[in-house]
1. Step by step: first the residues of the stretch 79-91, then only those that are at pLDDT 85 or above and not acidic (Asp, Glu), then the one that is surrounded by the fewest Cβ atoms within 10 Å (Cβ to Cβ). Which residue is that?
2. Can you pull out every residue in the stretch 14-29 that is assigned to a strand (DSSP E or B) and either free of Cβ contacts under 8 Å to residues at least 12 places away in the same chain or closer than 24 Å to Val57 by Cα (or both)?
3. Name the pairs whose Cβ atoms lie under 6 Å apart, with the first residue in the stretch 36-59 and touching a residue at least 12 places away in the same chain (Cβ under 8 Å) and farther than 24 Å from Val78 by Cβ, the second basic (Lys, Arg) and in a strand (DSSP E or B), and 6 or more positions between them or separate chains?
4. Take the stretch 22-49 and flag every residue that is surrounded by 10 or more Cβ atoms within 10 Å (Cβ to Cβ) and among the aromatic types (Phe, Trp, Tyr).
Amino acid sequence: MRFLGVSKDDVKITIKDDILTISGEKKQEKEAKGENFHRIERVYGSFSRSFALPGSVKVDKVEAKFKDGVLTIKLPKVEEAKPREIEIKVD
């Protein structure tokens, strides 16, 4: 996901009951001055996105990284149980 104008401190990631929620607030102010004008633009807004996680995700191993306006979240999976062959004994 790309969050333009949002810093790492403006984003919060939580996991509760196998629901991953990314939320935050965007605050941006631009000011432009010229010989005949003075303009100020303010943009504010909050956002929130929630995703249901499958049971195969290791919730305690989730990692998040924020670099150059891109948030990357790694969701490692639990290794699947491998089928075990059971030897049949003859009496």
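The values are calculated or read from the model by the stated rules, or taken from the named source; none is laboratory data. Keep in mind the model is a prediction, meaning the values are calculated, not measured. For neighbour counting, all protein chains shown are included, and Cβ atoms are generated from backbone atoms with ideal geometry for every residue, glycine included.
1. That would be Val90.
2. Hits for the stretch 14-29 are Thr14, Ile15, Lys16, Ile19, Leu20, Thr21, Ile22, Ser23, Gly24.
3. As it stands, the answer is Glu41/Lys30; Tyr44/Lys27; Gly45/Lys26, since those pairs meet every condition given.
4. Phe47
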